[in-house]
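Below you'll find the structure, written out as structure tokens, and then a few comments.
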Amino acid sequence: MAGAFKGFGEKAIPFLKALDFHQSREWFQENRDLYLSELHEPFCDLVETLSERFSAAGLGLRGDRKKSLFRINRDVRFSKDKRPYNRHLSAILSPDGTKMEQGVFYVHIGLEHCFAGVAWWQPGPELLQAMRKAIVTKPAAFRAMITALEKGGLALDPGDALKRAPRGFEEIGEDDLAQAVRNRHFLVRNEIDPATIYSPALVDDLVGFTLRAKPLLDWGRAIQGTAS
């Protein structure tokens with residue numbers, strides 16, 4: 001039943017370990033009730049509790065138990081890896097509650113690690129170009145955003161950046177700006193201690209992280225409003 005998030009079940013991670021070992025539709029169906037009670041329903045409650053808290057905090061992010069979660073089933077149509085199930089569960093909360101928007105909150109509970117992120121992930125060409133132009137033409141605003149993130153203990157993830165400057169941005173002299181325009185995404189991450197996923201206090205931790213990441217959301221939203 002729906003309700004406030006009380007924590008994941010104690011068998012949540014053991015279930016994922018067992019599922020990863022078996023990778024069998026037959027095993028999953030036999031243990032589906034355990035999946036629902038220990039993982040899926042608590043995750044749905046987490047999403048809806050976060051949605052309420054994000055709304056109260058004015059973060060402009062929302063989600064629900066039907067639209068926000070990614071399926072535990074893998075899409076194997078174009079993959080050499082034919083294992084049918086993921087090793088994690090994940091969800092997105094966004095401005096419109098769908099997975100198609102930009103400027104989102106992402107949460108991932110899995111075997112390797114648990115983490116949350118706030119991101120402008122794979123922005124389309126127009127928005128990405130507008131962000132790069134804003135970095136160069138309004139460097140004070142970009143640097144103020146970076147400083148605000150640093151005060152909250154956060155930093156942009158440098159991973160998956162271009163090795164060379166994109167066309168039109170080759171002559172940037174300042175190192176921080178030259179590095180920033182090579183980004184394909186603008187992302188901050190927060191590692192989640194797996195021991196904390198069994199407590200409702202996880203909600204406070206995730207809301208606190210998202211508030212600290214708000215400068216990134218605000219910076220991107222200001223640019224998004226001007227992108228063609």
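The values are calculated or read from the model by the stated rules, or taken from the named source; none is laboratory data. Predicted model only: the values in this text are computed from it and were never measured. A quick note on method: Cβ atoms are made from the backbone with ideal geometry, for glycine too, and the neighbour counts reach across all protein chains shown. Side chains are part of the model used for accessible areas, which takes the heavy atoms of the whole protein and leaves out ligands, DNA and RNA. Shrake-Rupley method; radii C 1.70, N 1.55, O 1.52, S 1.80 Å.
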Which of Leu93, Leu69, Leu19 moves the most in a Gaussian network model of the chain with Cα springs under 10 Å? Leu19
Can you find, among Ala12, Ala119, His108, the residue farthest towards the positive end of the dipole of segment 1-138? Put +1 on the C-beta of Lys and Arg, -1 on that of Asp and Glu. Ala119
Between the alpha carbon centres of segment 6-50 and segment 116-159 the gap in Å comes to 35
Which order do peptides 52-62, 129-139 fall in by mean Cβ count within 10 Å, highest first? 129-139, 52-62
Fully extended contour minus Cα-Cα distance, from Ser79 to Gln29, at 0.36 nm per residue: 15.7 nm
Once fully extended, how much extra length lies between Ser199 and Gln179, figured as 0.36 nm per residue of separation less the alpha-carbon to alpha-carbon distance? 3.3 nm
What is the magnitude of the charge dipole of segment 1-111 about its Cα centre, with +1 placed on the Cβ of each Lys and Arg, -1 on the Cβ of each Asp and Glu, and no other charges, expressed in debye to the nearest 20? 420
If you line up the long axis of helix 12-22 against the longest principal axis of the chain, both from Cα atoms, how many degrees apart are they, to the nearest 10? 80
Going down the table (Lys151/Lys214; Lys133/Lys214; Lys6/Lys151; Lys67/Lys133; Lys163/Lys214; Lys17/Lys67), which pairs top 23 Å between alpha carbons? Lys6/Lys151; Lys67/Lys133; Lys163/Lys214; Lys17/Lys67
Put Glu38, Glu150 in order of accessible area, largest first, probe 1.4 Å, and you get Glu150, Glu38
Shape category assigned to segment 1-101 from the gyration tensor of Cα positions, a/c cut at 1.5: oblate
To the nearest 20 debye, what charge dipole does segment 29-81 have about its Cα centre, counting +1 at the Cβ of each Lys and Arg and -1 at the Cβ of each Asp and Glu? 360
Quick one: order Tyr106, Tyr198, Tyr85 from most to least accessible surface, probe 1.4 Å. Tyr198, Tyr106, Tyr85
With all protein chains in place and a 1.4 Å probe, Thr98 shows an accessible area in Å² (nearest 10) of 40
Taking the chain as a Gaussian network, Cα atoms linked when under 10 Å apart, which of Phe209, Phe21, Phe105 shows the biggest mean-square fluctuation? Phe21
Using +1 on the beta carbon of Lys and Arg, -1 on that of Asp and Glu, and nothing else charged, what's the dipole of the chain about the Cα centre, debye to 20? 680
Keeping every protein chain in place, order Glu48, Glu191 by accessible area at 1.4 Å, biggest value first, i.e. largest first. Glu191, Glu48
